[in-house]
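Remarks on the structure that follows.
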Amino acid sequence: MVRLGEIIGESQTIKAVLSEVEKVASTDSTVLLRGETGTGKELLARAIHNLSPRKERAMVKVNCAVLPPSLVESELFGHEKGSFTGAVSKRVGRFEVADGSTIFLDEIGLLPVELQPKLLEVLQEGTFERVGSSKTLKVDVRVIAATNTNLEKAIEDGRFREDLYFRLNVFPIRVPPLSERKEDIPLLVRAFVKEFGETMGKKIEKIPNGTMETLKSYRWPGNVRELKSVIERAMILVKGSTLHIDLPHDILRSGTRVDMAMVNIEKEHILRVLEMTNWRIRGKGCAAEILGLKPTTLASKMRKLGIVRQSKH
């Protein structure tokens, strides 16, 4: 087993990723983490930062997907008082806050095109201007970016600058989905059981082999985040010292025929979560959060799988 911060595993896939992390951490090179939602890209970013010479200062995180387009520039680079309606005082941007440290730009593929030249300037020169100011500021910031967007397709569509892509893609790391590291599932399950057991005051002494095999057989479209949510729900419901986890049991043991296609298993699991959350796909504790998906991604999956809430008569 290998462990790096909050990341654990024993698969060759995760060992290869952690080896790349260790190699690049001590440098100031820009890192681009690419992978599906819920695979742990932020955890890897923190691991890189914590292994770097910049670890004494806190890593600064910016999620480009949740910031309104009108506020992204101010959030990243700051603004001067009176530079726009609502700017009642000067604001220091995240790049200034991260001076001497690391900035983690999550969902970089969703950064508005009009701001991409300014980010490129910071990456190349370490300089920028606050909104409403002509004064050039210089910072020393290590950039780690992450995305689940197909940047090559975004470049073709004119949504992402090619020169920015090449500047970000200095040291790309592909973060594997959980379906490619299934031998890590038992380790992750036990780690999550221990974590929730401590916070909930519960002690689990046994996880049946059948339960663990079911977890290993499932495809986990929401990756590690979905697995963690499933374990948390199971820990809330458990009453004894044996943990049983409610997942589709249509994948049978080796040597027998699988009765349902994987797509139907995924559909059934999504339906179970939707029923459990009263079909809420947005908000705290919603189906999308439990599945480790964005609400828009879940809505898209529901359309593809033909999942429609039946009206009650």
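Taking strands (runs of 3 or more DSSP E) as the structural unit, those lying wholly within region 1-74 and holding at least 3 residues that are within 19 Å of residue 182 (Cβ to Cβ) and in contact (Cβ under 8 Å) with a residue 12 or more places away in the chain correspond to 7-9.
For region 189-196, the condition of being assigned to a strand (DSSP E or B), β-branched (Val, Ile, Thr), under 25 Å from residue 20 (Cα atoms) and in contact with a Leu (Cβ under 7 Å, 6 or more places away or on another chain) holds for none of the residues.
Annotation note: Cβ proximity below 9 Å between a residue of region 188-199 that is more than 17 Å from residue 240 (Cα to Cα) and aromatic (Phe, Trp, Tyr) and a residue that is loosely packed, with under 15 Cβ neighbours inside 10 Å and at pLDDT below 95 (sequence gap 6+ or interchain) occurs for no pair.
For region 139-155, how many residues meet the condition of being open to solvent by 50 Å² or more (accessible area, probe 1.4 Å) and closer than 30 Å to residue 82 by Cβ? Show your work before the answer.
Looking only at region 139-155, we keep the residues that are open to solvent by 50 Å² or more (accessible area, probe 1.4 Å), and these are 140, 148, 150, 152-153.
Subset that is closer than 30 Å to residue 82 by Cβ: 140.
Going through region 139-155 one residue at a time, the tally reaches 1.
Suppose the filter is touching a strand residue (DSSP E or B) at 6+ places or on another chain (Cβ under 9 Å), among the hydroxyl-bearing types (Ser, Thr, Tyr) and buried (at least 21 other Cβ atoms within 10 Å of the Cβ); does residue 30 pass it? In short, no.
So, residue 284, is that one at pLDDT 70 or above, part of a loop (DSSP other than H, G, I, E, B) and among the charged types (D, E, K, R) or not? Can you show your working first?
Working: at pLDDT 70 or above: yes; part of a loop (DSSP other than H, G, I, E, B): yes; among the charged types (D, E, K, R): yes.
Yes: the conditions hold for residue 284.
Residue count for region 106-128 under the criterion of being touching a residue at least 24 places away in the same chain (Cβ under 8 Å), surrounded by fewer than 16 Cβ atoms within 10 Å (Cβ to Cβ) and polar (S, T, N, Q): the result is 1.
The residues in region 64-79 that are open to solvent by less than 20 Å² (accessible area, probe 1.4 Å) and polar (S, T, N, Q) can be counted, and the count is 1.
Take the residues in region 150-183 that are hydrophobic (A, V, I, L, M, F, W, C) and closer than 21 Å to residue 69 by Cβ; name whichever of them is nearest to the chain's Cα centre (by Cα).
Keep residues of region 150-183 that are hydrophobic (A, V, I, L, M, F, W, C), which gives 151, 154-155, 160, 164, 166, 168, 170-171, 173, 175, 178.
So of that shortlist, the ones also closer than 21 Å to residue 69 by Cβ come out as 151, 154-155, 160, 164, 168.
Working: 151: 17, 154: 20, 155: 22, 160: 20, 164: 22, 168: 18 Å.
Among those residues, the one meeting the criterion is 151.
Residue check: is residue 136 of a type in the set (Val, Ile, Thr), open to solvent by 60 Å² or more (accessible area, probe 1.4 Å) and more than 24 Å from the chain's Cα centre (by Cα)? Give the derivation first.
Details: of a type in the set (Val, Ile, Thr): yes; open to solvent by 60 Å² or more (accessible area, probe 1.4 Å): yes; more than 24 Å from the chain's Cα centre (by Cα): yes.
It is true that residue 136 is of a type in the set (Val, Ile, Thr), open to solvent by 60 Å² or more (accessible area, probe 1.4 Å) and more than 24 Å from the chain's Cα centre (by Cα).
Condition check for residue 61 on (1) open to solvent by 20 Å² or more (accessible area, probe 1.4 Å); (2) over 16 Å from the mean Cα position of the chain (by Cα); (3) under 27 Å from residue 291 (Cα atoms); (4) not acidic (Asp, Glu): one failure, at (2).
Of 201, 158, 222, all but one fail to be farther than 30 Å from residue 97 by Cβ and open to solvent by less than 30 Å² (accessible area, probe 1.4 Å); the exception is 222.
If you filter region 80-105 down to residues that are in contact with a Ser or Thr (Cβ under 8 Å, 6 or more places away or on another chain) and surrounded by 16 or more Cβ atoms within 10 Å (Cβ to Cβ), you find that the one that is farthest from residue 50 (Cα to Cα) is 83.
Would you say residue 173 is crowded, with 16+ Cβ neighbours inside 10 Å and either out of contact with any Asp or Glu (no Cβ under 6 Å at 6 or more places or on another chain) or not in a strand (DSSP E or B) (or both)? Write out each step before concluding.
Details: crowded, with 16+ Cβ neighbours inside 10 Å: yes; either out of contact with any Asp or Glu (no Cβ under 6 Å at 6 or more places or on another chain) or not in a strand (DSSP E or B) (or both): no.
No.
Step by step: first the residues of region 225-241, then only those that are in contact (Cβ under 8 Å) with a residue 12 or more places away in the chain and open to solvent by 50 Å² or more (accessible area, probe 1.4 Å), then the one that is nearest to residue 304 (Cα to Cα). Which residue is that? Among residues in region 225-241 that are in contact (Cβ under 8 Å) with a residue 12 or more places away in the chain and open to solvent by 50 Å² or more (accessible area, probe 1.4 Å), the one nearest to residue 304 (Cα to Cα) is 225. Looking at region 38-58 only, could you name the residues that are crowded, with 19+ Cβ neighbours inside 10 Å and closer than 21 Å to residue 225 by Cβ? Within region 38-58, 38, 39, 40, 41, 44, 45, 46, 47, 48, 49 meet the criteria. Of the residues making up region 242-271, just one is loosely packed, with under 13 Cβ neighbours inside 10 Å, more than 15 Å from residue 204 (Cα to Cα) and at pLDDT 55 or above, namely 263.
The values are calculated or read from the model by the stated rules, or taken from the named source; none is laboratory data. All of these numbers come straight from a predicted model, not from anything done at the bench. Every residue, glycine as well, gets a Cβ built from its backbone with ideal geometry; the counts of neighbours run over all protein chains shown. What goes into the accessible areas is simple: the full protein's heavy atoms, side chains included, and nothing from ligands, DNA or RNA. Shrake-Rupley method; radii C 1.70, N 1.55, O 1.52, S 1.80 Å.
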